[in-house]
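First up is the structure itself, then whatever we jot down about it.
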Amino acid sequence: IAPEIFSIQNFVERVTGRKTTDDMTLLFELFDVYLDYDTELDSFDKFYPWGEILLKDFDEIDKYLVNAQDLYENIYDLKNIEALYGLDEDAIEAVQGFRKVLSAEKQSDLLQKFLTVWEVVGKVYYAFSLALKDKKMAYEGMLYREMVEIIAQQKDRFKDSHIVFCGFNALSNAEETVFNSLLEQNRATFYWDADKMMLENN
């Protein structure tokens, strides 16, 4: 008689039929993929801090339904412009202080390495996604993106259900898309954790 109760994470896993893989396993998988794009990387220890940043970025990209290729191409272009035309005064001062201890050749190598990293990250994102799908693994944001696709394609997915969402305030684009889709199908009711005045203020 009682309704089934899920966290949003459980709901996402139920819709996609897959579970989130633990972060350490994901980092090892990401390291394996990244090695194909950075032949100078020689240890997981060196990769670990960067891998954590990438994993968090990939998670946000998928939760907010961002086109990863466009995003990383734009970041690469911005970094390239910064490298060519400079940064704000504080950043320039810090970089100049650092550059004093480097030869001109070393400066050029570091700059090229920096730009190369941003150039390959978009490729790493797609290769990593494919590798995880092949191994039936996923990070949270990846499942969010899959949930959006599933609910868009399977309009009758919840035809015999009514879902009540409670306590949300800041939604990712994936959550917003799914919630709107279910609302349009009259399959959902929402209880917001927000002041009535804010909700009714158009």
Once amide hydrogens are built 1.01 Å from N within the peptide plane, the residues lying 5 or more places from A188 or on another chain with amide H under 5 Å from its amide H are I163
Classified through the alpha carbon gyration tensor (a ≥ b ≥ c as square roots of its eigenvalues; rounded if a/c is under 1.5, else prolate when a/b is larger than b/c, else oblate), region 1-82 comes out oblate
Classified through the alpha carbon gyration tensor (a ≥ b ≥ c as square roots of its eigenvalues; rounded if a/c is under 1.5, else prolate when a/b is larger than b/c, else oblate), region 127-195 comes out oblate
Scalar couplings 3J(HN,Hα) for region 130-139 by Karplus 6.51 cos²θ - 1.76 cosθ + 1.60 (θ = phi - 60°), nearest whole Hz, x for Gly and Pro, are 5, 4, 5, 4, 4, 9, 6, 10, 6, 9
Filtering GluC sites (Glu not before Pro) in region 7-75 by DSSP loop and by at most 14 other Cβ atoms within 10 Å leaves E40
Whole-percent carbon and sulfur contribution to the accessible surface of region 4-75 (1.4 Å, no ligands, DNA or RNA) stands at 52 percent
In order over region 55-67: 3J(HN,Hα) from phi, Karplus 6.51/-1.76/1.60, θ = phi - 60°, whole Hz, x for each Gly or Pro, gives 4, 5, 4, 4, 4, 5, 4, 6, 5, 9, 6, 7, 6
In whole Hz, the Karplus estimates of ³J(HN,Hα) for region 180-188 (6.51, -1.76, 1.60; θ = phi - 60°; x where Gly or Pro) are 5, 4, 5, 5, 4, 7, 6, 10, 9
Rounded to 0.05, the calculated FRET efficiency for the beta carbons of D77 and I53 at R₀ = 25 Å is 0.80
Taking Lys and Arg as +1 and Asp and Glu as -1, residues besides A170 with C-beta under 11 Å from its C-beta add up to -3
Taking 178-187, 140-149, 158-167 and ranking on average Cβ neighbours within 10 Å, highest first, one gets 140-149, 178-187, 158-167
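The values are calculated or read from the model by the stated rules, or taken from the named source; none is laboratory data. Predicted model only: the values in this text are computed from it and were never measured. No Cβ is skipped: glycine too gets one built from the backbone with ideal geometry, and neighbour counts run over all protein chains shown. Each accessible area value is taken on the protein alone, full model and side chains, heavy atoms only, with ligands, DNA and RNA left out. Shrake-Rupley method; radii C 1.70, N 1.55, O 1.52, S 1.80 Å.
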